[in-house]
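The block underneath contains the structure these notes are about, expressed in structure tokens.
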Amino acid sequence: MIKLIVTYLSIKQIVLGVVILLAVGYLVIYIWFKLEIRWNEAFLKISYNDKINEIEGIVNHRHLGVKGDLLASAEALARLTNTNYAYRTRPVIGILVGHDGISASVTLSLACTRLGYNVTVISEKCNESVLRAAFEGEQTSYYFPNPRMRDVPIPVDQYARINLHFVGRKDKDKAKLDLESDMKHKVDMLIGCDRVGPSADGCCYATSGIKLNEKRFVAPLHNLVHHFKHRENDRRKFIAIGDGGNELGMGKVEDKIHEYVKDGKKIGAVANSNGKNLAADHLIAVSDSTWGMYALIAAAALVKAHDSSDLYECRRLVGRVMPTEASERALFVRCFDAGNDGSVGKRELTDEGMRQERSLKCLHEILNVAKKY
């Protein structure tokens, strides 16, 4: 009898303990959700315009920067929709990659997939080994169901993907001809990531004045901008990121290049292509192209977050889209290892390391602004 009473009391205590634990757990979850709503409401109270303007102040080139273009670029990227005849197709972004913008283009491509877009990365065949090494280990397909396919019974188009295209330097390379067709009919936005463009004499120059065409370093990928602009649509934008005045799209600030850039009249990327203006619709002219890439990703994430109706998601979106310091360091190592043929000296390595540290410092500053509430 005594044993039965003890067992009964023990069972009562166990049940009571379980009930208390469930109640406490429910209370903790309730308080956490309430705090999340408060944090997100506080996050949304600060206008994304103000945050993006503050970010622009961090990265903008003192002479070549165009005030307001970072905001315009971010709104165009965050609100990108399909501009082609296939209504249900996921939007496609083309990224033109230069020799100095490989790591930046990888980070930008990954961010675009996290915003739900397909990405086509375009560069010369001589950059293929470095670009493939840079993407090694990265998630080149990201689960992001196409919202226009929600009413389709069988799930299709569940992933945003990155495709790589490498073009030879010959004008009639078949891959380039296919890309020209895609520019007219499939690509919804074009981004030049530290990609050199033709100057007034039609040649592409390094900032040091070296003629890159003679060195056979570049293919005429700037003509893809001409084909992209062939089909006019107010939603189809060409965004350029650059820092030296010799990058594709810089024709938007031609006068400033002539005034402030050394040998600007020679190296400035201000030429047209077959009579078509190659100037960017929106220009992110910055002190370092990597900084401009970070700024564009953060700004687009802020616009996307403020457009979101999900209070639990909006603040997390910025963290999901932006790169981390660890991922950027690993990317730098992969790019350096793939591109180093043994000729890089200690001085060049030190300079590149210092540049990376400055870029990571800029990344922290941008994240602090983007995440504040």
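Couple of notes before you dig in:
- Theoretical gain in end-to-end length, SER141 to ILE31 [0.36 nm per residue, Cα-Cα removed]: 36.0 nm
- Distance between the 7 Å Cα→Cβ label points at ARG316 and LEU177: 4.9 nm.
- Residues whose placed amide H lies under 5 Å from that of VAL92, excluding near-sequence neighbours: ASP188, MET189
- Förster-model FRET efficiency, 45 Å R0, ILE58 and CYS203, C-beta, rounded to 0.05: 0.85
- Close amide H contacts of GLY192 (hydrogens built in the peptide plane, cut-off under 5 Å, sequence separation of 5 or more or a different chain): LEU96, ILE239, ALA240, ILE241.
- Packing-based order for 301-308, 189-196, 10-17, 58-65, using average beta carbon neighbours within 10 Å, highest first: 189-196, 301-308, 58-65, 10-17
- Extension gain, LEU21-LYS372: 0.36 nm per intervening residue step, less the Cα-Cα distance, totals 122.9 nm.
- Every pair of different Cα atoms in region 188-245 enters the Kirkwood calculation, which places the hydrodynamic radius at 12.6 Å.
- The distance between label points at LYS361 and ASN84 comes to 4.4 nm (points 7 Å beyond Cα on the Cα→Cβ vector).
- Shape category assigned to region 94-167 from the gyration tensor of Cα positions, a/c cut at 1.5: prolate
- Report note on the peptides 98-105, 68-75: ranked by the mean count of other C-beta atoms within 10 Å, highest first, their order is 98-105, 68-75.
Taken together, the values in this text are just the output of simple stated rules run on the coordinates, not laboratory data. Quick caveat, the model's predicted, so the values are computed rather than measured. Positions of Cβ are generated from backbone atoms using ideal geometry, with glycine treated the same way; all protein chains shown enter the neighbour counts.
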